[in-house]
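Laboratory data are not the source of any read-out in this text; all were calculated from the coordinates shown. Quantities reported herein were computed from a predicted structural model and do not represent experimental measurements. In this analysis, Cβ positions are derived from the backbone assuming ideal geometry, glycine residues included, and neighbour counts consider all displayed protein chains.
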Amino acid sequence: LEDPSHTNHSAEKYTLFDLLCVGVGATVGSGVFVVTGQVAHEIAGPSVIFSWIVAGVACSLSALAYAELTCRWPSAGSSYTYVYATLGEFFAVLTAWALSLECGISGAAVARSWGAKVSALLADSGDLSDADSGFNVYAFFLQLVVVMVFLAGVDLSKGVVNALTVLKTTVILLMTLCGASLFQTKHLQPLAPFGLKGVMKGATMCFFGFIGYDEVCCLAQETPNPRRDLPLAIFGTLLFAA
């Protein structure tokens, strides 16, 4: 495994703030905007709050493992590197394929979701998507723009990620304040309509709302002090998401 101290210092461009933006940007998404409502409406009721707490505690155990391993092997590769160092190349390759599938499928799902929203907005002014074939032109162009941004280099892609993360965080805080201003205790009754079973079932869905903090581990060789900054970014992301 390559020692990050041997890398070119000019490539070390990610500060702790940048890593937090990557982690928060990758983590806070459909879990907050979509899953919360689904779990509250169909599974846990108002006790969705406890579902998120249980999921956060469970996810923190995974975060502890990532933080320990990224300090032990502060090099690029994330799970691939850790599995390679502990179980060997064969299992590391399987892990790499799993990560590729995760990123590919999740990226397609997110693009598809945004594409569907654009399609709905433009339904009366000429929708270019083909619902019959399952192909969405807007999702395709969104993926294309993202690829072009990352191909443009670290400076541009980092700036875009940071800006979008700050914007998304601002939107969430605004939603929280607006929601708090309309809060009524009667909406908390019954608190747990489906009991403990509903809370735990909701937690299994909410768990995926915390996935994404591990993305910062892929940038170990792009940060000046990975042994300090990566664990802080991992737990900072998880804490903010919680």
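Compute the length gained on full extension between Val171 and Ser106: take 0.36 nm times their separation in residues and subtract their Cα-Cα distance, giving the result in nm to one decimal.
Answer, rounded to one decimal: 21.2 nm.
State whether region 98-242 is rounded, prolate or oblate according to the following rule on the C-alpha gyration tensor (a ≥ b ≥ c being the square roots of its eigenvalues): a/c under 1.5 gives rounded; otherwise a/b larger than b/c gives prolate, and the remaining case gives oblate.
The shape class here is oblate.
For the chain, compute the number of Lys pairs whose alpha carbons are separated by less than 24 Å, excluding pairs fewer than 8 positions apart on the same chain.
Within the chain, the lysine pair count is 6.
Which helices pass in the chain if a helix is a full DSSP H run, must span at least 18 angstrom along its long axis by Cα, and must have mean Kyte-Doolittle hydropathy not below 1.6?
Membrane-span-like by this criterion, though nothing is claimed about a membrane: 137-151.
In nm, to one decimal, how far is the Ala120 label point from the Thr185 one, both placed 7 Å along Cα→Cβ?
3.5
Please say if region 46-122 is rounded, prolate or oblate, where rounded means a/c under 1.5 for a ≥ b ≥ c the square roots of the C-alpha gyration tensor eigenvalues, and otherwise the choice is prolate for a/b larger than b/c and oblate otherwise?
Verdict is oblate for region 46-122.
State the Cα centre-to-centre distance between region 207-222 and region 64-97 in whole Å.
Between the Cα centre of region 207-222 and that of region 64-97, the gap is 13 Å.
For the chain, what is the charge dipole size about the Cα centre, in debye to the nearest 20, if Lys and Arg each add +1 at the Cβ and Asp and Glu each add -1 at the Cβ?
It works out to roughly 760 debye.
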